[in-house]
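Before any comments, here is the structure.
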Amino acid sequence: MNTSALVAILVFAAALLSVFGVLYRMATRSHARGELGYDGIVILRWALLGQLAIFAILTLTAFLS
Amino acid sequence: MIPPVVLVLGLAMKSLYVLDYVHVLTGASWTGFDLYTGLVLSRVLRSLEIPARVEVAKRLTPTTFFIIPSLAAVAITSGIYLAQAMGKFNLADPWILAAGAIVVVLTVQGFGVFLPNGVRIFLELAKVKPDPGLISKLTMRNVRLAASQAVFQVLIILVMAHLAVY
């Protein structure tokens, strides 16, 4: 297992999740004010899921190298 | 989703050839996208009215939203594995340090500005009353950022060429 690669990928994923967390909070507030439809929240969830899938696959590479 | 899967296959096969192929292909595609966006698309968008820019953003943002982060993440990850496999990952080497510094700049720009801007464009488009001015501003910010990324991409290719030859 490549420990440094695993740590780098996890740090990277954590940074991305924090950015998405801020955006998600903005989106839910906007939804509560009636500016943003529920579709926007769904899009954001799918985007987050897609990014998480990419990082999950990259995490796997740390165990293969 | 294809680039990370091919990277996994290359590592599972312990194939330096596949690893090199994935690194060069994803890196070149990422550079090509940034060069095209920064040098060509930016000029086209600047010449359009705001409603037309919004129409471009509606179609451009969803396509780039998954492709670019996937290409960037795989190009960087495969590059590190490749350098390690070729015995070139020496942190005392100024060329490796230069590559690392450029990668940090590209990563912060890409995942700290480009990606959140893309999400904000998406969310604005999903609003009951989207603000065309904001969508246009965010799109133009991403286009200008792509131009700056293209400069760093050209620099990193210079470093890569040195590492590959010497």
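Numerical summary
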read-out: Single match in B:Val24, B:Val18 (criterion: assigned to a helix (DSSP H, G or I) and open to solvent by 60 Å² or more (accessible area, probe 1.4 Å)); value: B:Val24
read-out: Residue selected from the range A:25-37 under the condition in contact with a helix residue (DSSP H, G or I) (Cβ under 8 Å, 6 or more places away or on another chain) and at the interface with another protein chain (Cβ under 9 Å from one of its Cβ atoms), by the criterion surrounded by the fewest Cβ atoms within 10 Å (Cβ to Cβ); value: A:Gly37
read-out: Qualifying position, being more than 14 Å from every other protein chain (Cβ to nearest Cβ) and open to solvent by 40 Å² or more (accessible area, probe 1.4 Å), among B:Pro62, B:Pro94; value: B:Pro94
read-out: Candidate set: the range A:38-48, residues that are more than 7 Å from chain B (Cβ to nearest Cβ) and open to solvent by 70 Å² or more (accessible area, probe 1.4 Å); chosen: the one farthest from B:Ala12 (Cα to Cα); value: A:Tyr38
read-out: Residue in the range B:10-25 that is at pLDDT 85 or above and among the polar types (S, T, N, Q) present; value: yes
read-out: Where a residue in the range A:26-49 is touching a residue at least 24 places away in the same chain (Cβ under 8 Å) and within 28 Å of B:Ser70 (Cα to Cα) and its partner, wherever it lies, is open to solvent by 50 Å² or more (accessible area, probe 1.4 Å) and assigned to a helix (DSSP H, G or I), with Cβ under 7 Å and at least six apart; value: A:Leu44/A:Tyr24
read-out: Subset of the range B:65-90 [within 11 Å of another protein chain (Cβ to nearest Cβ), hydrophobic (A, V, I, L, M, F, W, C) and open to solvent by 50 Å² or more (accessible area, probe 1.4 Å)]; value: B:Phe66, B:Ile67, B:Ile80, B:Ala85, B:Phe89
read-out: Residue match in the range A:49-64 (condition: within 16 Å of B:Ala126 (Cβ to Cβ) and either open to solvent by less than 50 Å² (accessible area, probe 1.4 Å) or not basic (Lys, Arg) (or both)); value: no
read-out: Within the range B:27-41, tally of residues that are β-branched (Val, Ile, Thr) and either closer than 15 Å to B:Ala73 by Cα or buried (at least 21 other Cβ atoms within 10 Å of the Cβ) (or both); value: 2
read-out: Pick from the range A:50-65, criterion touching a residue at least 12 places away in the same chain (Cβ under 8 Å) and among the β-branched types (Val, Ile, Thr), ranking: nearest to the other protein chains (Cβ to nearest Cβ); value: A:Thr61
read-out: Residue in the range B:81-94 that is charged (D, E, K, R), at pLDDT 80 or above and in contact with a helix residue (DSSP H, G or I) (Cβ under 8 Å, 6 or more places away or on another chain) present; value: yes
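The values are calculated or read from the model by the stated rules, or taken from the named source; none is laboratory data. On a predicted model such as this, the values are computed, not experimentally measured, just so you know. FYI the Cβ positions are ideal-geometry reconstructions off the backbone, even for glycines, and counts take in every protein chain you see. Just the protein is used for accessible areas: all its heavy atoms, side chains included, with ligands, DNA and RNA removed. Shrake-Rupley method; radii C 1.70, N 1.55, O 1.52, S 1.80 Å.
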